[in-house]
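Below: one structure, written as structure tokens.
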Amino acid sequence: MTPVGRPGCLDPLAALRTPADPACDVYLTGNVFLDIIFTGLDSAPVRGTESWARGMGSSPGGVANMATALARLGLRTSLAAAFGDDHYGEYCWDALEQGEGIDLSLSRTVPGWHSPVTVSMAYEGERTMVSHGHEAPPPEPAPDCPPRARAAIASLAPGRAEWISQAARKGARIFADVGWDDTGRWDPDDLADLEHCEAFLPNAEEAMRYTRTECPLAAAHALAERVPVAVVTLGAKGAYAVDGATGESAQVPAIAVEALDPTGAGDVFVAGFVTGTLAGWPLADRLAFAGLTAALSVQEFGGSLSAPGWSEIAAWWSHVQDVPDQDPAALRRYAFLRALLPAPARPWPLRRAVPTIGFRRSA
């Protein structure tokens, strides 16, 4: 397995790489969906009527949102997932492997299994989603799965995921998030795999419910007793983090943007934080970078479609230098980007091409 990375992408770990390093920077596993995104809707669809969208795009979704966000930030990303044995699965595989440079050597195509599909309708800065899928095939990991990697990203759930402890034993730094608990129990025992994790990144509501606290900052400090670094995302108020080993804490406000579609923003935030952590940045810089990448993503439609790369980040940084009445303190917060970013090659604001399932090639 040799993840090739995204062609022509800045490598944030270039100065740290040695011949003894694992080929994989980040390993993750999960379900890949085909996402179909309708855009340009003025309001939610009304029962008994037909609504026409002014735009539409298709892209790999589910765990592919996180994998794409990591790859676009220059991390060598390995994804282990099942793909449907249909045109949707073939499209998603090609988009991830050929389009994003993600290593899929640990993934597999399952004969007779249809790809799960999510239709997302974006309007008024929000989204409504409808999903369909058949029961996922049982996992059949390759003999070397999980691979040796710098890091791995996991979504915690009730019961232990054996691969998390295996990855940690192989030296991977584990970063974890968590989904909404539909049972309403919010049992702290469901977070047992935190003992293998370096960082935990829930949102404010999740953090407070698991810790039985009334304040996100208090929740972060409570979680820091269970995991080395606790990061609580605060939505429009930014994020707060506590390093339990050093006692350091940091809070970075969110960047005010016009949000078109929040799909995948949490995945992009995690990818940004992982990138900064592996690169050895200070805690506050990691938070700021994660928030910036998430803010850039919500200005675009779709999940993996909206994940920013270094060219988008460079264009944003160049643009904000010339904004009238810019707060000097706000600019200083992101001054660490100067030493990292390539020269912007495209003007701001950027709009990625919205891909869809391809046309047939002419003979």
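The values are calculated or read from the model by the stated rules, or taken from the named source; none is laboratory data. This is a predicted model, so every value here is computed, not measured. Cβ sites come from the backbone with ideal geometry, for glycine too, and all protein chains shown count toward neighbours. The protein model used for the area step is the full one, side chains on, heavy atoms only, and it has no ligands, DNA or RNA in it. Shrake-Rupley method; radii C 1.70, N 1.55, O 1.52, S 1.80 Å.
Out of the residues in segment 24-50 that are touching a residue at least 12 places away in the same chain (Cβ under 8 Å) and of a type in the set (Gly, Ala, Ser), state the one that is most open to solvent (accessible area, probe 1.4 Å).
That would be Ser43.
How many residues are under 30 Å from Glu300 (Cα atoms), in a loop (DSSP other than H, G, I, E, B) and not polar (S, T, N, Q) when one looks only at segment 107-150?
7
Would you say Ala220 is among the aliphatic types (A, V, I, L, M), more than 19 Å from the chain's Cα centre (by Cα) and at pLDDT 95 or above?
Criteria met by Ala220.
Just checking, how many residues over segment 311-326 are under 16 Å from Arg72 (Cα atoms) and open to solvent by 10 Å² or more (accessible area, probe 1.4 Å)? Please lay out each step first, then the result.
Residues of segment 311-326 under 16 Å from Arg72 (Cα atoms): 311-316.
In the following step, the residues that additionally are open to solvent by 10 Å² or more (accessible area, probe 1.4 Å) were identified as 311-312, 316.
So the count comes out to 3.
Check Asp144, Asp181, Asp187, Asp177 and return the single one that is more than 18 Å from the chain's Cα centre (by Cα), at pLDDT 95 or above and acidic (Asp, Glu). Talk me through it step by step, then tell me what you get.
Details: Asp144 fails: at pLDDT 95 or above; Asp181 fails: at pLDDT 95 or above; Asp177 fails: more than 18 Å from the chain's Cα centre (by Cα).
Unique residue meeting the criteria: Asp187.
Any idea how many residues of segment 175-204 are within 18 Å of Pro158 (Cα to Cα) and outside any strand (DSSP E or B)?
Residues meeting the conditions: 20.
List the strands (runs of 3 or more DSSP E) that sit entirely inside segment 12-102 and contain at least 1 residues that are out of contact with any Leu (no Cβ under 7 Å at 6 or more places or on another chain).
Answer list for segment 12-102: 24-29, 32-39, 55-62, 82-84.
Consider Arg169 carefully, then state whether it is out of contact with any Cys (no Cβ under 7 Å at 6 or more places or on another chain), basic (Lys, Arg), closer than 19 Å to Tyr27 by Cβ and open to solvent by 90 Å² or more (accessible area, probe 1.4 Å).
Details: out of contact with any Cys (no Cβ under 7 Å at 6 or more places or on another chain): yes; basic (Lys, Arg): yes; closer than 19 Å to Tyr27 by Cβ: yes; open to solvent by 90 Å² or more (accessible area, probe 1.4 Å): yes.
For Arg169, the condition - out of contact with any Cys (no Cβ under 7 Å at 6 or more places or on another chain), basic (Lys, Arg), closer than 19 Å to Tyr27 by Cβ and open to solvent by 90 Å² or more (accessible area, probe 1.4 Å) - is met.
Consider Phe289 carefully, then state whether it is of a type outside the set (Gly, Ala, Ser), open to solvent by less than 50 Å² (accessible area, probe 1.4 Å), outside any strand (DSSP E or B) and out of contact with any Ser or Thr (no Cβ under 8 Å at 6 or more places or on another chain).
It is false that Phe289 is of a type outside the set (Gly, Ala, Ser), open to solvent by less than 50 Å² (accessible area, probe 1.4 Å), outside any strand (DSSP E or B) and out of contact with any Ser or Thr (no Cβ under 8 Å at 6 or more places or on another chain).
Restricted to segment 299-310, and to residues that are part of a loop (DSSP other than H, G, I, E, B) and free of Cβ contacts under 8 Å to residues at least 60 places away in the same chain, which residue is surrounded by the most Cβ atoms within 10 Å (Cβ to Cβ)?
Taking the candidates together, the pick is Glu300.
Applying the selection to segment 197-230, what residues are charged (D, E, K, R) and open to solvent by less than 30 Å² (accessible area, probe 1.4 Å)?
If the condition is that a residue be charged (D, E, K, R) and open to solvent by less than 30 Å² (accessible area, probe 1.4 Å), then Glu206 is the only one that fits.
Yes or no: Thr183 in contact (Cβ under 8 Å) with a residue 24 or more places away in the chain, farther than 28 Å from Leu106 by Cα and loosely packed, with under 15 Cβ neighbours inside 10 Å?
No.
Just one of (1) open to solvent by 60 Å² or more (accessible area, probe 1.4 Å); (2) among the small types (Gly, Ala, Ser); (3) more than 19 Å from Leu217 (Cα to Cα) trips up Ala245, so point out which.
In the conditions (1) open to solvent by 60 Å² or more (accessible area, probe 1.4 Å); (2) among the small types (Gly, Ala, Ser); (3) more than 19 Å from Leu217 (Cα to Cα), Ala245 misses (3) alone.
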